Amino acid sequence: MSGTRTERTFQATGSWAGPELVERICERFESAVLGQSEAFGEREVTVRREIWPTLARWLKEDEGFEYLLDLTAVDYLGLRPVRFEVVAHFYSLSGNRRLRVCVPLQEERAELPTLTGLWKAADWYEREIWDLYGIRFAGHPDLRRLLLYDEFKGHPLRKDYKMKARQPLIGPGTMGGAASQSREDEADV
Amino acid sequence: MELSPVQRSLELAEPFVTTKLDKVLGWGRKYSIFNYPFVTACCGMEYMSAACSRYDMDRFGAGLPRFSPRQSDVLLVVGTITHKMAPVLKQVYDQMCEPKWVVAFGACTISGGPYNNYAVLQGIDQIIPVDIYIPGCPPHAEVVMDGLIKLQAKIQHQKHEV
Ligand code: SF4
């Protein structure tokens with residue numbers, strides 16, 4: 001009895017796109033698809049940066065993924081040859097389907113075209129990623145820091161940001177104070 | 001009817017008490033705390049519980065929160081203070097008139113609490129003076145009452161400029 005209930009809850013909250021969607025993506029974008037996987041029922045596609053806005057527009061307009069659920073990034077410093085990965089979750093309200101799309105980015109070219117033209121919601125997501133990971137979004141209307149203050153140096157969720165680096169605006173350790181030099185040495189990444 | 005010595009002295013006594021001005025001021029001030037709740041995070045829930053009818057801070061004369069620093073004399077700092085928020089807190093403190101007191105409510109305001117990272121101020125005493133520290137994550141309402149009573153004792157016994 002309880003088993004059935006669990007199953008039903010799972011279906012209600014987590015329907016993921018099936019393999020046929022991935023097939024269609026592979027058909028359309030061919031060599032730009034770097035890989036795909038499925039774990040815990042969740043479907044994921046990894047694609048080249050070049051097709052990023054085209055793929056997003058196609059998913060939104062032709063496949064009914066009208067909702068940008070989440071846009072974030074990961075720093076795989078020392079774990080993978082390509083350091084960054086931007087991760088997006090798309091959701092289709094009409095079809096109750098989800099899809100995760102990953103875009104690997106080299107450190108030297110940590111930049112993607114913006115999605116703000118397709119989803120207004122992308123605005124703050126992209127500002128947050130810029131703020132914390134230092135990945136730029138070309139064409140974003142107002143790419144400022146979202147959470148941290150303008151005076152902040154570096155991007156704290158990068159794995160090479162010093163764990164003990166502190167950049168207070170006032171109080172001990174502030175810029176201009178005695179501790180400011182060591183503070184800057186530590187903070188610069 | 002014969003009056004007892006005590007009754008006689010009561011009958012004779014004039015209707016006044018003797019004290020010191022300092023003491024009266026302290027007594028008055030400790031029962032008329034107007035607090036400014038600077039609430040930024042989860043501790044705010046426990047502040048609300050302490051302030052509302054179940055625990056009722058009003059019993060100690062601290063029932064009227066003011067949302068302007070110029071009308072308040074106790075700054076209750078409740079919740080995580082980030083480096084970005086720190087200048088705002090300092091400005092609120094500077095806007096309050098003397099005499100004023102500061103309560104650090106919860107682990108975050110005392111030491112940064114669970115957060116020792118790039119974003120969080122490691123204790124508000126780095127930027128403003130603190131009178132009472134109320135520990136806990138979040139502090140139970142009874143601990144808040146205890147802190148409030150200790151603050152009252154401090155106000156009562158300190159020197160008041162006249
Ligand atoms: S001390 Fe604990 S409950 Fe209070 S604001 Fe910090 S994390 Fe939240």
If you take the residues of segment B:27-44 that are of a type outside the set (Ser, Thr, Tyr) and within 16 Å of the ligand (Cβ to nearest atom), which of them is most open to solvent (accessible area, probe 1.4 Å)? B:42
Are any of the residues in segment B:81-93 crowded, with 22+ Cβ neighbours inside 10 Å, touching a Cys at 6+ places or on another chain (Cβ under 8 Å) and more than 14 Å from every other protein chain (Cβ to nearest Cβ)? no
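So that you can scan it fast, the table gives a plain yes or no per residue for (1) open to solvent by 40 Å² or more (accessible area, probe 1.4 Å); (2) in a helix (DSSP H, G or I); (3) more than 16 Å from the ligand (Cβ to nearest atom); (4) at pLDDT 90 or above:
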residue	(1), (2), (3), (4)
B:25	yes, yes, yes, no
B:46	yes, yes, no, yes
B:50	no, yes, no, yes
B:59	yes, yes, yes, no
State all residues of segment A:29-43 that are among the small types (Gly, Ala, Ser) and open to solvent by 40 Å² or more (accessible area, probe 1.4 Å); if no residue qualifies, say none. A:31, A:37, A:39
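Only one residue in B:21, B:3 is open to solvent by 100 Å² or more (accessible area, probe 1.4 Å) and out of contact with any Cys (no Cβ under 6 Å at 6 or more places or on another chain). Which one?
Every option except B:21 fails the conditions.
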Being within 12 Å of the ligand (Cβ to nearest atom) and surrounded by fewer than 24 Cβ atoms within 10 Å (Cβ to Cβ) is the filter; apply it to segment B:97-115 and report the residue that is nearest to residue B:158 (Cα to Cα). B:110
Return the residues of segment A:52-73 that are assigned to a helix (DSSP H, G or I), in contact with a Phe, Trp or Tyr (Cβ under 9 Å, 6 or more places away or on another chain) and surrounded by 18 or more Cβ atoms within 10 Å (Cβ to Cβ); say none if nothing qualifies. A:55, A:56, A:59, A:60
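The values are calculated or read from the model by the stated rules, or taken from the named source; none is laboratory data. Since the structure is predicted, the reported quantities are computational estimates derived from the model, not experimental observations. Neighbour counts run over all protein chains shown; Cβ positions are idealised from the backbone, glycine included. Only protein heavy atoms, including side chains, enter the accessible area calculation; ligands, DNA and RNA are left aside. Shrake-Rupley method; radii C 1.70, N 1.55, O 1.52, S 1.80 Å.
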